[in-house]
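Structure record follows, encoded as structure tokens.
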Amino acid sequence: MKIRVLTGAGISAESGIPTFRGKDGLWNKYDPTELATPEAFQKDPKLVWEWYDWRRQLIAKAEPNEGHKVLAQMEENFPDFWLVTQNVDGLHQRAGSKKVIELHGNIWKVRCIGCGKEDYDYRAPLPEIPPECDSCGGLLRPGVVWFGESLPVDALQRAYELSEDADVFIVVGTSAQVYPAAELPFVAKRRGAKLIEVNPEETPVTPYADVSIRESASTGLRKVLELL
Ligand code: NAD
Ligand code: ZN
């Protein structure tokens, strides 16, 4: 059985990491255009970095939750398993998942806007904001995908191929509003996959789901594991 999973911010909510949309979402409090766009970074790199540094500190203190762990277990139980995530927190990997495709980058990555050099920097808080490149002195930016930017081509290509080739497609904790990630469940469904959704709230995917579990990721995914 070929199992594919798409996760969003909701799966990390139970680890204490706020989502973007929905109840308690960050975008209710902050304006995304002032924090998560290339223009915002150009205008005020320090402000943008302060926000990312705050989120990095939250994530550093957080632990993977039961939802992340169930998915790591699923990977062990099923040889043909892949996890596609929109999350940037790296909690899937910390829970033990290895077959992970990151569509929106990783918050621990930094990339130089001068020379393009990329590195992981796990320090939180960072000693200096905004951080500078140790090769060229250029400004470093977070290695995440911002609004208005395109997704990493290889990761996206692979995510489409895997979605087209799924028997079961599980969508967890995503508001399914950010494209192209939001399209993947529909790609899978069109090719005949059974679509399972885990989300306490209704989303644009809900009407198309073969099974809709209106629960938190931890409870919902335990039920999915029993179903499979
Ligand atoms: P989103 O914030 O738009 O939606 C979150 C969804 O999770 C909502 O549908 C909500 O109902 C659901 N949810 C809330 N609590 C839940 C729980 N306990 N269990 C299951 N579902 C729950 O998130 P998204 O769809 O991933 O939005 C996309 C963008 O948000 C991505 O670009 C992603 O990079 C970014 N993001 C990532 C993180 C992270 O890495 N942890 C955090 C916030 C946002
Ligand atoms: Zn550089």
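Annotations
- Residue check for Ile129: more than 16 Å from ligand 2 (Cβ to nearest atom) and in contact with a Phe, Trp or Tyr (Cβ under 8 Å, 6 or more places away or on another chain): yes
- One residue stands out in region 78-120 among those that are in the same structural domain as Ala217 (by TED's automatic domain parsing) and without any contact (Cβ under 8 Å) to a residue 12 or more places away in the chain: the one that is farthest from ligand 2 (Cβ to nearest atom), namely Pro79.
- Selection within region 169-188: residues that are part of a loop (DSSP other than H, G, I, E, B) and not small (Gly, Ala, Ser). The member of this set that is modelled with the highest pLDDT is Thr174.
- Residue in region 172-183 that is under 17 Å from Val70 (Cβ atoms), touching a residue at least 60 places away in the same chain (Cβ under 8 Å) and not small (Gly, Ala, Ser) present: yes
- The residues of region 112-162 that are surrounded by 12 or more Cβ atoms within 10 Å (Cβ to Cβ), farther than 30 Å from Lys189 by Cα and within 16 Å of ligand 1 (Cβ to nearest atom), listed by number, are Ala124, Arg141, Pro142, Gly143.
- Remark: pairs (first residue in region 144-164, closer than 15 Å to Pro38 by Cβ; second residue among the β-branched types (Val, Ile, Thr) and surrounded by 18 or more Cβ atoms within 10 Å (Cβ to Cβ); Cβ separation under 7 Å; 6+ apart in sequence or on different chains) = Val144/Val88; Val144/Ile107; Leu151/Val145.
The values are calculated or read from the model by the stated rules, or taken from the named source; none is laboratory data. The model shown is predicted, which means the values in this text are computed figures rather than measured ones. Cβ: placed from backbone, ideal geometry, glycine included. Neighbour counts: every protein chain shown.
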